[in-house]
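**Q** Once you've had a glance at the structure underneath, I'll fire off some questions.
The values are calculated or read from the model by the stated rules, or taken from the named source; none is laboratory data. Every value quoted in this text rests on a predicted model; they were computed, and no experiment measured them. As a convention, Cβ positions derive from the backbone with ideal geometry for all residues, glycine included, and neighbour counts pool all protein chains shown.
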Amino acid sequence: MSVKGTRWSLPVRAVLDSTVFFCDLPVTGELFVPSSVISELRDIRAKSRFDTLCVHGLQVKEPGKESRARSEDAARRTGDLPVLSATDLDILALALEEGCAIMTDDFAVQNVALELKIAVIPIQQRPARRIKWRFRCVGCGRYYEEEGECPVCGSRVKRKLK
């Protein structure tokens with residue numbers, strides 16, 4: 001894929017996040033998208049961009065269960081699982097299966113991609129740095145594996161930087 005007029009000009013294969021369809025970056029190459037991204041395209045401009053990219057070879061593919069499970073496990077390890085949508089997990093899983101980069105500005109997706117050793121091409125934002133999250137009760141201060149309610153004091157367990 002080459003992205004003209006930006007800091008990238010790399011011939012790579014990539015899975016596209018919905019952000020690509022909302023901006024005017026000219027992208028070409030071997031491009032993939034899970035069908036769940038299509039449901040996020042609500043305005044006519046994004047849908048038209050999708051149609052145009054399909055004419056130029058954009059492939060709609062569904063990731064398999066194994067790669068989806070690997071993506072969820074990685075998101076659980078980084079602490080990003082609570083903030084990732086099903087579409088985000090599909091994007092990560094498809095990139096795993098295709099062995100290609102991900103074009104996204106979503107920091108949580110980038111963080112999990114780094115955990116999975118998937119190359120990331122940020123679209124309009126700076127690249128994310130790797131973050132490890134912890135989950136801490138706001139009441140008693142105990143640490144947990146995920147967000148929710150503290151079983152000890154009943155307070156909210158929130159995500160925070162490690």
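Every residue, every condition in (1) over 16 Å from L16 (Cα atoms); (2) more than 10 Å from the chain's Cα centre (by Cα); (3) in contact (Cβ under 8 Å) with a residue 12 or more places away in the chain, yes or no:
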| position | (1), (2), (3) |
| --- | --- |
| I44 | yes, yes, no |
| R68 | yes, yes, yes |
| V83 | yes, yes, yes |
| T87 | no, no, yes |
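**Q** Could I ask something else about it? Here is a check on your reading of the model: is E72 over 21 Å from L25 (Cα atoms) and outside the structural domain of V37 (by TED's automatic domain parsing)?
**A** On the way: over 21 Å from L25 (Cα atoms): yes; outside the structural domain of V37 (by TED's automatic domain parsing): no.
No, not satisfied.
**Q** Evaluate the following for L10: is it modelled with pLDDT of 80 or more, part of a loop (DSSP other than H, G, I, E, B) and either under 13 Å from the mean Cα position of the chain (by Cα) or surrounded by 12 or more Cβ atoms within 10 Å (Cβ to Cβ) (or both)?
**A** Numbers: modelled with pLDDT of 80 or more: no; part of a loop (DSSP other than H, G, I, E, B): yes; either under 13 Å from the mean Cα position of the chain (by Cα) or surrounded by 12 or more Cβ atoms within 10 Å (Cβ to Cβ) (or both): yes.
No; evaluated as a whole, the condition is false for this residue.
**Q** Please work out if A101 is within 30 Å of E30 (Cβ to Cβ) and touching a strand residue (DSSP E or B) at 6+ places or on another chain (Cβ under 6 Å).
**A** Considered against the rule, which asks whether it is within 30 Å of E30 (Cβ to Cβ) and touching a strand residue (DSSP E or B) at 6+ places or on another chain (Cβ under 6 Å), A101 comes out as yes.
**Q** Looking at R136, R68, R76, which one is in contact with a strand residue (DSSP E or B) (Cβ under 9 Å, 6 or more places away or on another chain) and of a type in the set (D, E, K, R)?
**A** Answer to the check: R136.
**Q** Can you list the helices (runs of 4 or more DSSP H) found entirely within the stretch 34-144 that contain at least 1 residues being surrounded by fewer than 13 Cβ atoms within 10 Å (Cβ to Cβ) and at negative phi?
**A** Numbers: elements: 35-38, 44-55, 65-78, 86-98, 107-115.
Qualifying helices (runs of 4 or more DSSP H): 35-38, 44-55, 65-78, 86-98.
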